Structure formats: C-alpha cells, structure tokens
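Q: One structure, pasted below without further comment.
What follows draws every value from the coordinates through simple rules; no lab data is involved. This structure is a prediction, so every number in the text was calculated from the model and none was measured. A quick note on method: Cβ atoms are made from the backbone with ideal geometry, for glycine too, and the neighbour counts reach across all protein chains shown.
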Amino acid sequence: MRTRFPRQVLEDRILKTLLYSDMFDYPLTQDEIHEQLITPIAEPLLNLIYALDCSSVLKTYLDCRDGFYFFRGRSEIVDLRIKREAVFRRHKAEALKAAKCLSAIPFVRMVGLSGSFPMANTDEQDDIDFFIVTESNRLWIARTMCIILCRMCCRGLRLNPNIFVSNKNLDFGKGKSLLLAHDLSFMAPIFGKEVYKKICLKNKWVEQFLANIAFGKKENEYWYLDSNPRHRLEKTLTFLFSDRFLSWLNQALFALHKRWFTLIRGYRSIDVDEACSLNRQKSILRGHYPKLERLFGEKLIQFNLQHRSTEEKDQLLKKLG
C-alpha cells in the first residue's frame, strides 16, 4: 500500500523537483513532475495532481503554460524547451549513428547517451555525452580509440564520450547523490542491454532519491540492438596479442592519459586521481557535480526547504508507524 504524504511534505517535494529542473531551464509537465519527484517513497499521481490544482502554497510560487509547470517569472523556459527539442530532433539520428560506431570499438560492452541530450534539452553548441562500459582492464585502450573516432567523425557535432567504467565497476553507490541518480535514470542506453540491466540491479539506491522513476523498467525507444557482439577487430587483437600485453598497454595508456590531464589540460593531480583509475574515468574533472550541488543547495535555502529535512523524516516515520 502506498503512503500518502502530509500536504507540506508533498508541496516541498514538488518545489524541490521543479527547483532541480529549473537549474537546467527545463519546465515539467504533470507526468514529468510525478516521474522525477524527489522522494524516497513512491507517491500516487492523483495526490500530485490534487496538490498542483489546489495548493495555495504551490500557486504562490508556480505558474503553468502549455501544460508545463515552472516558477513565476520564468515563462521563457517553456519556449527554450520547445526550441531545444527541435535541436534534439535534428541531431538524434546522427547521435545514434555515432553511438553505433562507438559500439563497434574493441572492448566496448555498452554505449548510452547521457547528460542533457536524451532529455531533449540541448542547444546547438552543447556536447553530446556518452556513457561507455568497457571490458575490465581494457578501459584505456577502448577510451583512446573512442576519442580518436569522435575527433575524426564529429562532422560538426560535439561528440563527448566523457564517462567510462569497466564491466566490473558498475556499482556507483559509493558516490550516490541526486545528480548521479538523475544521470543514471535518464541515460538512454543504445547497445549492451544485458550490461544496462546489471547497472540497474546494482544501483537500486537510485530509488532512494527518485522512487517514482521505475529505474530500468521503462521501455527504451533508443534500443535497436539487444546485445553488442564482439567486433572482428577485437577478435583480431585478442588473437594477435596476449592478455598480458593488452593489460600492459592499458596501464601504459592510463599513465599517458593522466599526464595529459595534468600537464596539457591543467587539471590538479588530486582531481585526476579522484576521477580516474584503471577501470574508471568520469567527467568530475570539470567540477560539474560539485557546482550543481552548491547551486541546488542555495536554491533550497532560498525557498526555505533545506531545514525541513529532519521534520520531513519525523513525519514519514509517524506515517509509516
């Protein structure tokens, strides 16, 4: 049986959800607010619709136009979302083609679109981000080939394979956060369905932040290959070179990338060490998550929402007995 939350708790969660999407200039429909509701326990859609229609608190802060909800004074983001959806439609086929090419690279086990692109919230100048899973101890070999391919075949698109993990490192619970939960939930996997299923199974903690999201259970419109068969080039490499040599090559490329990040790109060694290992490389190098977390925290304080977290837990405990 689903829990019906006290009105103030539900109002707070709706405001938090729209504050989060507002950071990305992204108004939400009723269904999207329900799906993306920041809540650890699933909330019925009817409760949310009733709150949006009847809550004087929400009407004070929110406005609605063309079915999209946003904060008062921010109606321009409706037009921006429509414009960005048109950009997405123009580049979707090219992005899928690029993903198909990336899936053919040796030792790649899954390719997914990540970031703002699968949410159709992208400008012309934005990167098209990819989330890539590789064979264990082959990540930096695969990454090198992925980067070369993207630089050679971009054709005006800013292709950015920015997150790499090995198939032995699919549990992201150590760094769990609302931002990571969103990224995992709205990633659009293109190849490697079985690997994606493993990601979903190992990261059930996502539902602690987004209980309505049905993580990993939604039908994915992007799939057009169920599995990623080993490419002919990968078979050739594993035939010609021993496992020991390929492991050495992976380590050498890892060391080379670390020098590149610090000496050429100018990143701090401590940031590079935190973001990179033999079986993981993430885009934290740009400070993307910490910046957004600070901004979201400031918005919560501005709307007097942050200090209610303890009170909210107490109310939930009473509700749940």
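Q: At a Förster radius of 41 Å, what calculated FRET efficiency corresponds to the Cβ-Cβ distance of Gln30 and Arg280, to the nearest 0.05?
A: In this case the efficiency is close to 0.60.
Q: Once you put a point 7 Å from the Cα of Ser242 and another 7 Å from the Cα of Asp127, both along the Cβ direction, what distance in nm separates them?
A: 3.8 nm
Q: Mind checking which of Pro161, Pro44, Pro118 has the largest fluctuation in a GNM of the chain, springs on alpha carbons under 10 Å?
A: Checking each option, the largest mean-square fluctuation is seen for Pro44.
Q: Next up: Within region 57-206, what percent of beta bridges assigned by DSSP are antiparallel, to the nearest 5?
A: 65 percent
Q: What percent does the relative contact order of region 84-245 come to when contacts are Cα pairs within less than 8 Å and at least six residues apart?
A: So the answer I get is 26 percent.
Q: If I model a spin label as a point 7 Å beyond the Cα along the Cα-Cβ vector, how far apart are those points for Tyr50 and Ala214 in nm?
A: In this crude label model, Tyr50 to Ala214 measures out at 2.3 nm.
Q: So, one more: Under the definition of Cα pairs under 8 Å and six or more residues apart, what whole-number percent is the relative contact order of region 143-212?
A: The normalised contact order for region 143-212 reaches 35 percent.
Q: Using alpha carbon centroids, what distance separates region 229-269 and region 171-202, in Å?
A: 24 Å
Q: Next question, about the same structure. Among DSSP beta bridges whose residues both lie in the chain, state the antiparallel percentage, nearest 5.
A: Antiparallel bridges make up about 70 percent of those DSSP assigns within the chain.
Q: Would you mind calculating the relative contact order of the chain from Cα pairs under 8 angstrom and at least 6 residues apart, reporting the percent as a whole number?
A: Once divided by the residue count of the chain, the mean separation gives 20 percent.
Q: Can you pull a Stokes-Einstein diffusion coefficient for the chain at 25 °C (0.890 mPa s), Rh from Kirkwood over Cα pairs, as a whole number of µm²/s?
A: 115 µm²/s
Q: Also, I was wondering about something else. Cα-Cα over 23 Å: which of Lys176/Lys299; Lys202/Lys299; Lys176/Lys258; Lys16/Lys176; Lys97/Lys193?
A: Those over the limit are Lys202/Lys299; Lys176/Lys258.
Q: Shifting gears a bit: Please list the non-local residues whose amide H lies under 5 Å from the amide H of Met110, H modeled 1.01 Å from N, same-chain partners needing a gap of 5 or more.
A: Distant-sequence amide H within range of Met110: Val133.
Q: Under the rule a/c < 1.5 gives rounded, and otherwise a/b versus b/c splits prolate from oblate, where does region 51-209 land using the Cα gyration tensor?
A: oblate
Q: In the chain, which helices (entire DSSP H runs) extend 18 Å or more along their own long axis, judged by Cα positions, while averaging at least 0.0 on the Kyte-Doolittle scale?
A: Qualifying helices, which must be both long enough and hydrophobic enough, are 139-153.
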